[in-house]
Structures are given as C-alpha cells and as structure tokens.
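Peer 1: One structure follows; several queries about it will come next.
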Amino acid sequence: MRKKLKLGLFGFGCVGQGLYHVLNETHGSVEAEIKKVCVKNKTKERPVNDDFFTFDKEEILNNPEIDVVVELIDDARAAFEIVKTALLNGKAVITANKKMLAEHLQEIYNLQKQTGLPVLYEGAVCGSIPILRNLEEYYDNDLLNSIEGIFNGSTNYILTKVFEEKKTYADALKKAQELGFAESDPSLDVKGYDPKYKLVIAIAHTFGLFLKPEDIINIGIDKISDQDLKFARDNGYFIKLIARSFRIQNKVYGFVAPQFIEATNPLASVRNEYNAVQVQGAFAEKQLFIGKGAGSYPTGSAVLSDISALSYDYAYEYKKFHQADRFEFSNDLIVDAHVSFDDTIKISIQDFEQFQSGYAASGKQYMVGQVRLSKLREWSQQDGVGIILAQGATFTPIASTVKKEQVVA
C-alpha cells in the first residue's frame, strides 16, 4: 500500500528548488509533502514563504512528524552527519551527494542494515538517468561485464563547445560557468573527481564492491592542449571524459580519463550537459542510457523518483554484493595512451611498456604507446603533463595470476 510521506529537506539550492517545483507539478500523483526546509544563509532571498524554512537542523532531525530526510547540500561532511543522524532517529533518507556517498558508502550500507531503514540516491549518479535502479532490478541476475560512459555534464558541455564551435578550452569553461553547469571552482569537474565519485557508487551496484574514491584513478580534461585538439580534428576524432569499470575474470578495474573516440562511437553524439551510461552484460549485451546529467529539474526529478519509490517501501538490496561471485579491485593494468608534456619534464621511451611513436612541437613533446595505469596516475599529478587514452585503446591486466585478456574501448 502506498504511503503519504512527510519530508524534511536540507538545502534549497539548484536541486532543492528543482525538487520543490517538480513535486508541486505532479499535482498529488506522488504522495509526499515538504514540511520544512533547513538552510544555512539567513539573508538570502527565496521564492517561498519564510515560514517554510528553518536554520536549526534539529527541527527536522528530531521532528516525529517527518518520515523522510532529503539531503541536498554541498558540504559532504555535514551531509554524512545528517544522513547518519536521520537513520539513527528512525527516518529514511534520500540524498544526491555523490562525494559523501563515495566516501561513506559501506558505512551507509551498514547503517541501513542496522536501522532497517533505506537510503536512496538515484540523483547522485548521472542526473536524470535511472541507472542505479536498473542495475539493482533489471540487471540483478545478469553477469555484468562493464559499465562506462559520460558521467559529468559540465565537462561534456565544455568539450562539445570546443569541437562544435571551435572555442578554446578556457572560453568553453567560462561559458559553462556562466550557465551554471560548472562551479566558480571547476576542479571537481574538469579534474575528473565528480565522475570518479559517481563511478565508485556505480561499481557498488554493478560488481558488489565498496571502494573508496582514492582507489579510483582520475585524469581530467584540464591539461588538454591545442595540439591534442588539432590531432583529434585532423583524425576525425572527438574527445570525451569517460568513466569506466570492467571485469576480467575475478578482477574489476575502474578509472576516469579523457579518450579519443571515433564519430561512429555512440558516445560521440552525446552533447552538451547530457550524460550517457553504457552497460554490458553477459546476457543482455550492450545497452545505452542517455539523459541530462546536470540542472535543477533533471536532478530534482531523479530525487522525486526516489521519493515515489519510498512511498512503496522500496529499498536497495545491493544484490551484487550478496551474490556468490566475489571480485577483487585492481589498478594493475596497461593502457594505450597519448601523453603530452613540457620539454622540462622528464618522460622517456623507457617509461612505456611498448612505445609506438612520438614527436615534438611548440615546446611540447608527444609520445604514444602502452603505459601502466599507475604510471599515468603519477604523470597526471604533474603540471604540464596531459593524458588522453587512444582511440580504440586496449586494457591489458598485468597480474600474472590473470590469464592474458584484453578489453577494447
């Protein structure tokens, strides 16, 4: 039987206001009512009556009338305390805070088991795309081989403008900031941290592994050079920031990095702030989900979907975590990459497992070949080093215990 839920909302920014509007637009089709909204800024003007707001979190966390806490704030540390306290106080939780979830997912899983209360977070991974519930329900009995795609709308918008309108990276970033797709400090997006957090969450529901963000190597688009762009255009390639995880036998690999892709790749046509997730299973084979990954209404609608699911007592079962197949995470991988670096940086042919080609131009050197993923992580942390995975890159496990196989992307 469907329940009518009474909500306490933390945060009334972009997503919070989006939720407020989409909930009102449903005209009662979702049985839920926002009772109180807790905000931090006492002077900010808001398009809702002041009586609707509180500045004291206890008015929500200790309110016996409130069934569900919806957490939509930016501060990951404060968000986790809200989630933890809400569960211990007998309230279900909905959140869209990917950083908080990525840093505390196993603890949140344990709190759900301890309290018997659900935490739902569809809006935390790729905005409007309903990927987590599909992983939990549609793919629950399929042996999944990989999940990959465009997990960040800000960087995809920037790269779209660079290739379609021939804008410079700096100009495209500035435009993304003006439109609200990128923050004033865009490092979480352009350095690949945001898609990394989302990938950590997705891996838990794809392969049943609880990882920490530091387990995942992330390489961003912030060091892409004009020569990289020229190379892409000359060869008919696009560049996309791709988050991916895949399984080879009992090992699971996962990382975030930009990659050259051909125009025939389905990800090449995913433009602007849209996200895409491609799932490959042993039985269902490849399926592609596309939807807006950023914005007030798309993410607000994902949060509303979680509210609707809670009204039917839905909870994640973490089915892959409980299945018999147990996987181990590894970064022991060799990948095909283009590496560009300033003349002052010492990178040599000997650093490659297999060197293919290289040249120098405009004060930079360019080398192409097969490199250990751990070496790419080391290089990516240096100023003046840009890394883009090759078109059609192969990913080969290093560990001798794994039969030599390759994944081609």
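The values are calculated or read from the model by the stated rules, or taken from the named source; none is laboratory data. On a predicted model such as this, the values are computed, not experimentally measured, just so you know. In this analysis, Cβ positions are derived from the backbone assuming ideal geometry, glycine residues included, and neighbour counts consider all displayed protein chains. The area values use the complete protein model at the heavy-atom level, side chains included, leaving out ligands, DNA and RNA. Shrake-Rupley method; radii C 1.70, N 1.55, O 1.52, S 1.80 Å.
Peer 1: For region 336-365, name all the residues that are surrounded by fewer than 19 Cβ atoms within 10 Å (Cβ to Cβ), in a strand (DSSP E or B) and of a type in the set (Ser, Thr, Tyr).
Peer 2: Selection gives 357, 359.
Peer 1: Another question, then. Output the number of the condition that residue 246 fails; it satisfies all remaining conditions of (1) out of contact with any Leu (no Cβ under 8 Å at 6 or more places or on another chain); (2) outside any strand (DSSP E or B); (3) of a type in the set (Phe, Trp, Tyr).
Peer 2: (2)
Peer 1: Could you check region 137-156 and list, in sequence order, the residues that are farther than 22 Å from residue 270 by Cα and open to solvent by 10 Å² or more (accessible area, probe 1.4 Å)?
Peer 2: Passing the criteria: 137, 138, 140, 141, 142, 143, 145.
Peer 1: May I pose another question? How many residues, within region 108-129, are touching an Asp or Glu at 6+ places or on another chain (Cβ under 8 Å) and surrounded by fewer than 18 Cβ atoms within 10 Å (Cβ to Cβ)?
Peer 2: Number satisfying all stated conditions: 0.
Peer 1: Residues to consider are 252, 256, 190, 279; find the one that is of a type in the set (A, V, I, L, M) and farther than 24 Å from residue 294 by Cβ.
Peer 2: 252
Peer 1: So is residue 71 touching a strand residue (DSSP E or B) at 6+ places or on another chain (Cβ under 7 Å), of a type in the set (D, E, K, R) and over 17 Å from residue 11 (Cβ atoms) or not?
Peer 2: It is false that residue 71 is touching a strand residue (DSSP E or B) at 6+ places or on another chain (Cβ under 7 Å), of a type in the set (D, E, K, R) and over 17 Å from residue 11 (Cβ atoms).
Peer 1: In this structure, does residue 286 turn out to be assigned to a strand (DSSP E or B), modelled with pLDDT under 95 and open to solvent by 10 Å² or more (accessible area, probe 1.4 Å)?
Peer 2: Against the criterion (assigned to a strand (DSSP E or B), modelled with pLDDT under 95 and open to solvent by 10 Å² or more (accessible area, probe 1.4 Å)), residue 286 qualifies.
Peer 1: Same structure again: Restricting attention to region 60-85, and to residues there that are without any contact (Cβ under 8 Å) to a residue 24 or more places away in the chain and part of a loop (DSSP other than H, G, I, E, B), which single residue is most open to solvent (accessible area, probe 1.4 Å)?
Peer 2: Out of the qualifying residues, it is 64.
Peer 1: Could you list all residues from region 182-204 that are more than 13 Å from the chain's Cα centre (by Cα) and either surrounded by fewer than 19 Cβ atoms within 10 Å (Cβ to Cβ) or in a helix (DSSP H, G or I) (or both)?
Peer 2: Result: 183, 184, 185, 187.
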